[in-house]
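Engineer: First the structure, then my questions, so here it is.
The values are calculated or read from the model by the stated rules, or taken from the named source; none is laboratory data. Note that the structure is a prediction, hence the values are computed from the model and not measured. Here the Cβ positions follow ideal geometry from the backbone for every residue, glycine too, while neighbour counts run over all protein chains shown. All accessible areas refer to the heavy atoms of the entire protein, side chains included, with ligands and DNA or RNA removed. Shrake-Rupley method; radii C 1.70, N 1.55, O 1.52, S 1.80 Å.
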Amino acid sequence: MGTQTREIPSEELRAALQHILPSEHGRIVGLTRVRSAHAATSALEELHLAFSDGTHLRLMFKDLSHNLWPDGDIADPELDPAREIRMYEQVLGRVDFGTPRFYGGVAGDDHGRCWLFLEEVQGRRLDRVKDIGAWTAAARWLATMHCRLQPLLPQVQTDLGLPVYDGAYFRRLVARALGHMQRVRGCNDDLVHRFETLAERCHAPFAELARLARTLIHGDFHSRNIIIGADAAALRICVIDWEKAAEAPGLLDLATLVAKSRTPEEGLVLAHAYYEEMTSSAPGYLAGPDFFRLLEICRVWVHLRRMTSHERWLTEESWLKNSVGEIQQLCAQ
């Protein structure tokens, strides 16, 4: 079962907001709270604030103090609850990427609170949008983000200390996947044996990924974390949930997005859109054949992340069999 957060009294929340938000609108005289249906690994609420000067403000309140890790999710041992707050405050709040406006946060205090207050963005999640144009726009946005944030990475690391996806990280990931596979021993020994045989073969392709130039990645760039803004006058790609941000090869983000595409053909369209944007912004980027070969290697990472993050991936035999089968096929290539 997931760990439940404590119930936060409205007065405590109101006091924190009064301290964090600018005083230009006066006192907070009204606070309405509604639990969001979009909560994933943290408690999420929609807030409606009324101020003494008559103005109103709608916010999203994300309580990162305790990861909920709902049934079916496995806790990430490398996750820092305050990382997303620092990402908004020290990185995303200083660049114009269309991400939610940062109103403030509490990045761990004497009371153990990790609270994040953001703009409530109106729009639709990308996984509910059929228009391939919106998907390719997200892929191009991703390439732009990777290019623009790469020069800032040394300062970001000084300020935030993000995880680094280097050779040691990839070796830990393989070892973690091996450990989790032991959960199905006795139920599907053949599949366990197949993966144990494959695990050693993952190290060489991962070593190649570890040699790639690194940038700041989102770390969980799937379609549920991308909101297409509701304003018809201007397309807004609004990316949320930055708690898994890391220093890593940008192709890992792209592989996550491609893995959620509806067809292999659409996945190829997304890859081409990203590549075109990267080569126009970074002329010395990877040659085409190397780009697509390395993107295939990143699919191994996507499967290992699923196997080590979601309990259902281990208990649903068809899912696990598909992941092990794809890893086997990719390693053979």
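Engineer: Would you please list the contacts, defined by Cβ atoms under 6 Å and residues six or more apart or on different chains, that run from a residue in the range 309-324 that is surrounded by 15 or more Cβ atoms within 10 Å (Cβ to Cβ) and modelled with pLDDT of 85 or more to a residue that is in a helix (DSSP H, G or I) and of a type outside the set (A, V, I, L, M, F, W, C)?
Structural biologist: Ser323/His303; Val324/Arg194
Engineer: I'd like the full set of residues that are among the charged types (D, E, K, R) and open to solvent by less than 10 Å² (accessible area, probe 1.4 Å), limited to the range 166-199. So that I can check it myself, show each step before the final result.
Structural biologist: First pass over the range 166-199, keeping only residues among the charged types (D, E, K, R): 166, 171-172, 176, 183, 185, 189-190, 194, 196.
Within the range 166-199, none qualify.
Engineer: Quick one: is Leu209 touching a Pro at 6+ places or on another chain (Cβ under 7 Å), part of a helix (DSSP H, G or I) and either within 23 Å of His310 (Cβ to Cβ) or open to solvent by 20 Å² or more (accessible area, probe 1.4 Å) (or both)? Please lay out each step first, then the result.
Structural biologist: Working: touching a Pro at 6+ places or on another chain (Cβ under 7 Å): yes; part of a helix (DSSP H, G or I): yes; either within 23 Å of His310 (Cβ to Cβ) or open to solvent by 20 Å² or more (accessible area, probe 1.4 Å) (or both): yes.
Yes, satisfied.
Engineer: So, in the range 34-47, how many residues would count as being open to solvent by 60 Å² or more (accessible area, probe 1.4 Å) and in contact with a strand residue (DSSP E or B) (Cβ under 8 Å, 6 or more places away or on another chain)?
Structural biologist: Residues of the range 34-47 open to solvent by 60 Å² or more (accessible area, probe 1.4 Å): 34-35, 37-38.
Narrowing further to those that are in contact with a strand residue (DSSP E or B) (Cβ under 8 Å, 6 or more places away or on another chain): 34-35, 38.
Qualifying residue count, the range 34-47: 3.
Engineer: Right, here's the next one. Looking only at the range 226-281, which residues are closer than 14 Å to Ile132 by Cβ, touching a residue at least 60 places away in the same chain (Cβ under 8 Å), of a type outside the set (Lys, Arg) and open to solvent by 50 Å² or more (accessible area, probe 1.4 Å)?
Structural biologist: Leu235, Val269
Engineer: Here is a further query. Need a quick list: helices (runs of 4 or more DSSP H) entirely within the range 121-182 having at least 1 residues that are closer than 21 Å to Glu208 by Cβ and free of Cβ contacts under 8 Å to residues at least 12 places away in the same chain. Let's see the steps before the verdict.
Structural biologist: Working: elements: 132-149, 153-160, 167-181.
The helices (runs of 4 or more DSSP H) meeting that bar are 167-181.
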